[in-house]
Amino acid sequence: MNWNEKYETLPREDLKELQLERLKQTIERSFHDVEHYKKVMQDKGMEPGDISSLDDLSKLPFTTKEDLRDNYPYGMFAVHLSEIVRIHSSSGTTGKPTVVGYTRNDLNTWAELMARSLACGGAGREDVIQNSYGYGLFTGGLGVHYGAERLGASVIPTSGGNTKRQIMIMKDYGTTVLTCTPSYALFMAEVMQEMGIDPKTDLKLKSGIFGAEPWSENMRKEIERKLDISAHDIYGLSEIIGPGVAIECEEKRGLHIFEDHFIPEIINPETGETLPIGEVGELVFTSLTKEALPMIRYRTRDISRLIEEECSCGRTHIRMERVSGRSDDMLIIRGVNVFPSQVESVLLDIGETEPHYKLIVDRIGTLDTLEIQVEVSEALFSDEVRRLEQLEEKIRKEIDTVLGISAKITLVEPKTIERSEGKAKRVFDKRKY
Ligand code: DLL
């Protein structure tokens with residue numbers, strides 16, 4: 001279902017024209033209303049009039065998380081605080097969080113984009129949407145909430161946590177769509193099993209809209225199988241608006257980026273050079289309609305690829321491949337680049353373990369070490385030691401072949417790896433730099 005047929009299926013030529021018009025307005029406003037943008041443009045000898053085509057975008061300097069931190073909390077806002085009606089912040093784990101603000105129009109745009117996203121992910125007015133993204137400073141809860149209301153669905157604002165109660169609500173209220181992080185969806189499936197609830201017969205759940213953290217195709221299959229649903233990937237980040245930047249349609253071959261509001265680029269994270277469409281690199285976004293916090297060439301640190309081919313769903317908006325990881329989550333272990341999601345994919349491909357794992361990186365002397373702890377089922381854990389050793393060896397070999405790195409594999413008892421109600425923490429890097 002297309003929520004806004006007019007914009008979602010706009011011929012590409014018209015879309016580009018709209019983007020250029022909106023880009024020029026954004027640059028003009030940013031230059032005049034945000035000291036930071038004026039300064040960085042002037043440093044490059046540029047002024048708004050220099051942007052006369054979409055290609056000119058690549059001449060502009062990037063914006064980074066550090067820029068937001070340097071202007072903490074409100075320095076990057078393009079409007080007076082009296083125009084701001086909501087403040088959120090991003091889930092940074094180190095240093096000060098980044099603060100994002102919304103005007104009334106921004107909230108309206110966001111709700112519209114989220115309604116579009118939910119519709120694209122298969123939800124409609126008749127659905128009962130249980131929103132288990134955390135409510136609060138995190139954009140997931142309120143972002144999905146207002147989008148679901150705009151869509152006209154019935155929203156249950158459970159937020160994260162209190163999992164048994166969530167499941168009781170899901171059963172009793174007839175939830176049809178679940179929204180939360182993929183790791184929390186998996187945890188819910190586990191708790192359902194403990195409670196003796198079979199999603200196939202006891203629940204009306206038909207789909208899930210999961211995002212806010214990287215997850216693999218194998219993890220999707222696992223969630224779909226365990227919850228008996230169709231799972232869609234939704235992407236977004238606070239700095240750009242929150243959830244509602246991109247989502248998978250029923251084809252599930254990449255996530256449509258809502259290009260009437262955001263221009264994506266892919267760059268080489270090392271050199272900053274813009275890469276041709278189709279190449280893998282870091283995603284960069286420019287906002288086109290945001291009032292409070294216009295973002296020009298914001299470096300997301302997320303690794304993806306753009307897909308230009310037409311989509312059979314009829315949407316003309318370009319797609320991005322699911323995020324394979326963050327450039328700053330990328331572990332460099334003995335010179336090899338490792339993304340946690342690659343490890344996840346290998347583990348789930350082998351399929352003999354549970355989908356709960358963590359990566360522990362350390363340094364002994366000058367040598368980096370990687371240990372992968374992964375849970376196995378109760379039955380397997382109490383099986384012969386030799387069986388466990390064989391499985392450890394199998395995983396070790398596969399990690400070595402696929403990732404090109406040797407790792408210590410430790411199979412651990414069921415339910416010993418911490419579960420997550422929001423974004424999962426899977427990497428523990430103990431190296432001192
Ligand atoms: O996570 C917004 C969001 C909420 C998206 C709910 C989807 C659903 P932040 O807390 O600012 O915002 O974190 C943004 O999370 O740069 C990615 O690294 C990661 N991320 C978000 N969605 C996905 C996804 C929200 N579908 C950061 N796949 C981003 C992989 C994702 N990573």
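Details
- Checklist (1) farther than 30 Å from residue 34 by Cα; (2) open to solvent by less than 50 Å² (accessible area, probe 1.4 Å); (3) assigned to a loop (DSSP other than H, G, I, E, B); (4) of a type outside the set (Val, Ile, Thr) applied to residue 347, failing item: (3)
- Count of segment 108-126 residues which are surrounded by 22 or more Cβ atoms within 10 Å (Cβ to Cβ) and not hydrophobic (A, V, I, L, M, F, W, C): 3
- Scanning segment 71-96 for residues that are at pLDDT below 95 and not in a loop (DSSP other than H, G, I, E, B) returns a single hit, 89.
- Matching entry among 312, 341 (being among the polar types (S, T, N, Q), surrounded by fewer than 18 Cβ atoms within 10 Å (Cβ to Cβ), at negative phi and not assigned by TED's automatic domain parsing to the domain that holds residue 76): 312
- Test: residue in segment 138-149 that is more than 10 Å from the ligand (Cβ to nearest atom), over 23 Å from residue 87 (Cβ atoms) and in contact with a helix residue (DSSP H, G or I) (Cβ under 7 Å, 6 or more places away or on another chain): no
- Subset of segment 38-60 (residues that are more than 19 Å from residue 21 (Cα to Cα), open to solvent by 80 Å² or more (accessible area, probe 1.4 Å) and assigned to a helix (DSSP H, G or I)): 39, 42, 43
- Qualifying position, being surrounded by fewer than 21 Cβ atoms within 10 Å (Cβ to Cβ) and either among the β-branched types (Val, Ile, Thr) or within 19 Å of the chain's Cα centre (by Cα) (or both), among 267, 318: 267
- Residue 289 under 30 Å from residue 71 (Cβ atoms) and within 14 Å of the ligand (Cβ to nearest atom): no
- Residue in segment 84-96 that is farther than 24 Å from residue 141 by Cα and buried (at least 19 other Cβ atoms within 10 Å of the Cβ) present: no
- Candidate set: segment 409-433, residues that are within 16 Å of the ligand (Cβ to nearest atom) and in a loop (DSSP other than H, G, I, E, B); chosen: the one most open to solvent (accessible area, probe 1.4 Å): 425
- Any hit, segment 266-285, residues being within 16 Å of the ligand (Cβ to nearest atom) and polar (S, T, N, Q): no
- Given (1) farther than 26 Å from residue 7 by Cα; (2) polar (S, T, N, Q); (3) open to solvent by 10 Å² or more (accessible area, probe 1.4 Å), number of the condition residue 105 does not satisfy: (1)
- Among (1) free of Cβ contacts under 8 Å to residues at least 40 places away in the same chain; (2) more than 24 Å from the chain's Cα centre (by Cα); (3) surrounded by fewer than 17 Cβ atoms within 10 Å (Cβ to Cβ), the one test that residue 73 misses: (2)
- Condition check for residue 272: among the small types (Gly, Ala, Ser) and in contact with a Lys or Arg (Cβ under 7 Å, 6 or more places away or on another chain): no
- Qualifying residue in segment 134-142 (condition: in contact (Cβ under 8 Å) with a residue 40 or more places away in the chain, of a type in the set (Phe, Trp, Tyr) and either surrounded by fewer than 23 Cβ atoms within 10 Å (Cβ to Cβ) or touching a His at 6+ places or on another chain (Cβ under 7 Å) (or both)): yes
- Once segment 237-257 is narrowed to residues that are open to solvent by less than 20 Å² (accessible area, probe 1.4 Å), part of a loop (DSSP other than H, G, I, E, B) and within 13 Å of the ligand (Cβ to nearest atom), the residue that is nearest to residue 285 (Cα to Cα) is 240.
The values are calculated or read from the model by the stated rules, or taken from the named source; none is laboratory data. What you see is a predicted model, and the numbers here were worked out from it, not measured in a lab. Positions of Cβ are generated from backbone atoms using ideal geometry, with glycine treated the same way; all protein chains shown enter the neighbour counts. Surface areas here come from the heavy atoms of the whole protein model, side chains and all, with no ligands, DNA or RNA. Shrake-Rupley method; radii C 1.70, N 1.55, O 1.52, S 1.80 Å.
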